[in-house]
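What follows is calculated from the coordinates using simple rules that are stated; it is not laboratory data. On a predicted model such as this, the values are computed, not experimentally measured, just so you know. Every residue, glycine among them, receives a Cβ derived from its backbone with ideal geometry; neighbour counts consider all protein chains shown.
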Amino acid sequence: MTDRPRVVLVSHSARLGGAERALLETVDALLSGGFGCRALLPRAGPLREALEERRVPVVVLPFKWWTALPHTGRWRRAMRTGWNVVLAAWLAGRLRAWGCDLVYSNTLSVFVGALAARMARRPHVWHVHELGLRHTGALFDVGEQRALRLLDRWSDTLVACSRAVEAWLAASVPPEKIRVVYQSVPAGTDLVGAIPKGPRVRLVCVGSLSRFKRQGDAVQALARLVERGVDAELLLVGEGDPAYLVQLVRLVEHERLTDRVQLLGELPSAWPVLASADVVVTCSQHEGFGRTVVEAMKAGKPVVGADSGGTAELIRHGATGLLYPAADVTALADAVELLVRDRELARRVAQEGRRWATATFSSAAHAWAVEQVVREALRRRQAEPLPTI
């Protein structure tokens, strides 16, 4: 190992969603700590451009996810697994050629980096952002129990993005291998593209469109608010499942809210929209972390979130925001209405949320935690025998 350890980071996608932004924060932390970085992506995209802006070499390798919906055929799963194994063998050779000291995989969705690290006898860190897969309807190609065993076997350290994810992992992986590292979530400063705001109360919901993110709950809550005489509108930021998008459009039409709901798609930055919000809502029932919650807090906005997963870890009810029982549309509408009617409460939770988020999620704390995880994995591997596949 050189004085400047070299880390290869593997991303499951080239988009710029929450997990990908977390990867960029990890890269920034490693670069600030004097590490050399190289990134591996399954295709070109905005993430590649962001990495190259940081002068991080990027290699595009067409590996596949090892998760899919249940209707995916057995032969297709087998062929995909075989393809990934072949690519992992090729990558193992490249890791040696690059002088790689450690592989860092981002999210559970791909295993090619983990297997390649094993083949090349390199330490591996697996950064887990998901709170399991069952709520998404997806399945591991090799089955969940086998996948979790491989997660343990192919990792020197598992990084959990929250205590909620740590608890889920600890049911299958030795707890001593798990480290909780909160993302830094730097505050946005670019407000170019802010959407003009009229007199209506503006609700904002940010996240990839999917049924487990439950943006439909926000639409239904808006309908309840309008029925109660609250002149409100909803801006949805994000893209994702096309079928769920169709459902959302139909729901908006059914609730007669076409003039009150805007589907903005994926934006280069959600900060201009967050800056225009009166209340930010997050409805996901199984959120691993809840990046949007922290972003909203740092933007000084009151937040209403589902009392579940990582969201419940971030919001202290009545102090840094309001929680409501997940999937309870009426309770969501009640919480939003309370903030609309009680402006002093809204001001107080927004102020405390900003103070807490700014103190808790900092680039310095995140960089220190990431460096400790990587150096610990490197030291452990030096002290232990090399593993077998």
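Out of segment 44-77, which trypsin sites (Lys or Arg not before Pro) are coil in DSSP terms and have no more than 14 other C-beta atoms within 10 Å?
Here the sparse-neighbourhood loop sites are Arg54, Arg55.
Ranking Met79, Met297, Met119 by Cβ neighbours within 10 Å, fewest first, what do you get?
Ordered from fewest to most neighbouring Cβ atoms within 10 Å, Met79, Met297, Met119 come out as Met79, Met119, Met297.
Quick check: residue separation of Gln351 and Asp241 times 0.36 nm, minus the Cα distance between them. What number comes out in nm?
36.1 nm
For Tyr244, Tyr324, Tyr104, Tyr182, what ranking results if the residue with the fewest other Cβ atoms within 10 Å of its Cβ goes first?
Placing the least packed residue first, the sequence is Tyr244, Tyr182, Tyr324, Tyr104.
Per DSSP helix of 4 or more residues, -39500 (n - 2.57); summed, then divided by the residues of the chain. What does that give at 222 nm, rounded to the nearest 500?
My calculation for the chain gives -13500 deg cm²/dmol from helical runs alone.
Using a cut-off of 12 Å between beta-carbons, work out the net charge of the residues near Arg122 (Lys and Arg +1, Asp and Glu -1, Arg122 not included).
+4
Quick one: compute the contact order of segment 37-103, relative version, from alpha carbon pairs under 8 angstrom and 6+ residues apart, as a percent.
The normalised contact order for segment 37-103 reaches 26 percent.
Looking at segment 244-285, which trypsin sites (Lys or Arg not before Pro) are DSSP coil and have at most 15 other C-beta atoms within 10 Å of their C-beta?
Arg256
Once the piece of chain linking Glu344 and Asp307 is laid out straight, how much longer is it, given 0.36 nm per residue of separation minus the C-alpha distance between them?
This chain segment gains 11.0 nm when fully extended.
Of Asp342, Asp217, how do they rank once you tally other Cβ atoms within 10 Å and put the fewest first?
Asp342, Asp217
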